[in-house]
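So the structure is just underneath, and the comments pick up after that.
Just so you know, all these numbers are worked out from the coordinates, no wet-lab data involved. Nothing here was measured: the structure is a model prediction, and the numbers come from that model. All Cβ positions, glycine included, derive from the backbone under ideal geometry; neighbour counts span all protein chains shown.
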Amino acid sequence: MNKAKYFITLSISILIGCNVTTNKTNIDNPLLGSWSYTYPKNGCIETYKFLPSGIRLSKSNLEKVKAKYSIQSISKDKNLYLLTDTVLEDNALQDCTGSTMDMTNDKVQLYLIIKENPQQFTFCTDISLKTCIGPFIKD
């Protein structure tokens, strides 16, 4: 009898845990897919690929990054989202800005403004939406 209760409790816990993870990355996630930004100063292209698994892959000049991300809606009527991103791997090669900084284990929160026609997003460093980069255009 105790084994049955343990199995049921464990099964429910696993299902609840899976549901929470799925909600953060799959449900209402407008970022899924590939996006590109071209730096106006040098023409360098930075690309982000957001996967349903909550993994982001990016390439910026020679730099390649793998990160874990989650996205939350802040205001659907304003298309404003909060992106939380933790870098898992960074090859520390030169990116489009010339930086060779290794960002492995860095965690950032960015505010995204997402537009639909054409599909694009801009990310900002704070809620004032004054320091931003973009637009990233959906490929």
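Based on the Cβ-Cβ distance from K41 to V108, what FRET efficiency comes out when R0 is 25 Å, to the nearest 0.05?
Between K41 and V108 the formula returns 0.65.
Considering only Cα-Cα distances, which of the following residue pairs are longer than 20 Å: K49/K107; K59/K107; K59/K115?
In this structure, K59/K115 exceed 20 Å between Cα atoms.
Please label the shape of the range 86-129 as rounded, prolate or oblate, based on the square roots a ≥ b ≥ c of the eigenvalues of the alpha-carbon gyration tensor (a/c under 1.5 means rounded; beyond that, a/b larger than b/c means prolate, else oblate).
prolate
Show me the three semi-axes of the equivalent ellipsoid for the range 29-68, from the C-alpha gyration tensor (sqrt of 5 times each eigenvalue), largest first, rounded to whole Å.
21, 12, 5
Calculate, in nm to one decimal, what D28 and T100 gain on full extension: separation in residues at 0.36 nm each, minus their alpha carbon distance.
My answer for the length gained is 22.5 nm.
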